[in-house]
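The values are calculated or read from the model by the stated rules, or taken from the named source; none is laboratory data. In this text, all values refer to a predicted model and were calculated from it rather than measured experimentally. Here the Cβ positions follow ideal geometry from the backbone for every residue, glycine too, while neighbour counts run over all protein chains shown. For accessibility, only protein heavy atoms count, side chains too; no ligands or nucleic acids. Shrake-Rupley method; radii C 1.70, N 1.55, O 1.52, S 1.80 Å.
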Amino acid sequence: MLSVVLLVLCRMANVMVPLTFKRAVDILTEVQAGAGAAALTASAPLLSAAVATVGCFFLWKLTQGLGEVLRQYIWVAVQSDLKRRVSERLLKHLHNLSIRFHVTSKSGQTLQIMDKGTSALESLMEILPFRLFPALCDVLLVCGIFCALDKPQIAAIAGGTILVYASLTYVVTKWRTKVGCPPRLSPVTRNPKP
């Protein structure tokens, strides 16, 4: 649960960093536009607002980096527990099989396949909630922000570009796996037991 909270905080920081930076640049541009001795004393509130905005920018950057590190640190324990539980269930199932299975099968290869399966599950649990879902949220947030700023054309271009990129990546990957090198066979599939 804490990992999800940190993930949301990091996504919010991802959105706020450029917005805060834009605000700081806008304020500093206003200060520079009225640059003169009298204008400088009159723009003291603007200058302090610029300093505060730059401070907020650095706080958001710190939140962004620190939140990601903490999320990864917390998630390691969750991943380890998940891998341990899945492995225990698989081994319990394997031990409950008949003696005939154990006499006629290659237990080492079965354990190797089980290890690959738990590693694949671990990778999937890292990629889906912490890579794919946040990237999708970032794209939707950016498109939403552009629409809120009355720039739907830019939102359409950004969303369309991501959609075309994802589609092409999928198509090219499917093509490469079909046309490319033959798949490398594991020792289990290379030497099947009759």
- Once both axes come from the Cα atoms, what is the angle between helix 133-148 and the longest principal axis of the chain, in degrees from 0 to 90, rounded to 10? 30
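Calculate, in whole percent, how much of the Cα-Cα pair population of the chain lies beyond 28 Å.
Working: 10689 of 18721 pairs.
Of the Cα pairs, 57 percent sit more than 28 Å apart.
Compute the orientation-averaged projected area for the range 76-125 from the convex hull of its Cα atoms and round it to one decimal in nm². If you can, show how the numbers build up before the last one.
On the way: hull surface 13.6 nm².
Over every viewing direction, the Cα hull of the range 76-125 projects on average to 3.4 nm².
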- the chain: most fluctuating residue of Thr20, Thr118, Thr161 per GNM, C-alpha cutoff 10 Å: Thr161
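Over the chain, with the other protein chains present, what is the accessible area per residue in square angstrom, probe 1.4 angstrom? Kindly include the intermediate steps, with their values, before the conclusion.
Working: 14170 Å² over 194 residues.
It amounts to 73 Å² per residue over the chain.
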- Ignoring any ligand, DNA or RNA, what whole percent of the accessible area of the chain comes from carbon and sulfur when the probe is 1.4 angstrom? 72
- quick shape note, the range 59-101: Cα extents on principal axes in Å, largest first -> 63, 11, 7
- Message: Nearest 500 deg cm²/dmol is fine: what mean residue ellipticity at 222 nm does the chain get from its DSSP H runs of n ≥ 4 alone, each adding -39,500 (n - 2.57), divided by its residue count?
- Response: -29500 deg cm²/dmol
- In terms of the Cα gyration tensor, with a ≥ b ≥ c the square roots of its eigenvalues, is the range 116-186 rounded because a/c is under 1.5, prolate because a/b exceeds b/c, or oblate? oblate
- Task: Compute the long axis of helix 2-33 from its Cα atoms, compare it with the longest principal axis of the Cα atoms of the chain, and write down the angle in degrees, 0 to 90, nearest 10.
- Result: 20
- Rounded if a/c is under 1.5, else prolate if a/b beats b/c, else oblate: with a ≥ b ≥ c from the C-alpha gyration tensor eigenvalues square-rooted, which is the range 61-160? prolate
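Quick one: putting +1 on the C-beta of Lys and Arg, -1 on the C-beta of Asp and Glu, what dipole do you get for the chain around its Cα centre, in Debye to the nearest 20?
On the way: 21 positive and 10 negative charges, 285 e Å.
Dipole size: approximately 1360 debye.
Once the other residues with Cβ under 14 Å from the Cβ of Ser123 are scored (Lys, Arg +1; Asp, Glu -1), what is the net sum? Don't skip to the answer; put the middle values down first.
Working: positive: Lys83, Lys116, Arg131; negative: Asp115, Glu122, Glu126.
Around Ser123, the surrounding residues sum to 0.
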- Query: Relative to the longest principal Cα axis of the chain, at what angle does helix 44-95 sit, 0 to 90 degrees, rounded to 10?
  - Reply: 10
- Would you give the gap between the C-alpha center of the range 141-171 and the C-alpha center of the range 75-121, rounded to a whole Å? 43
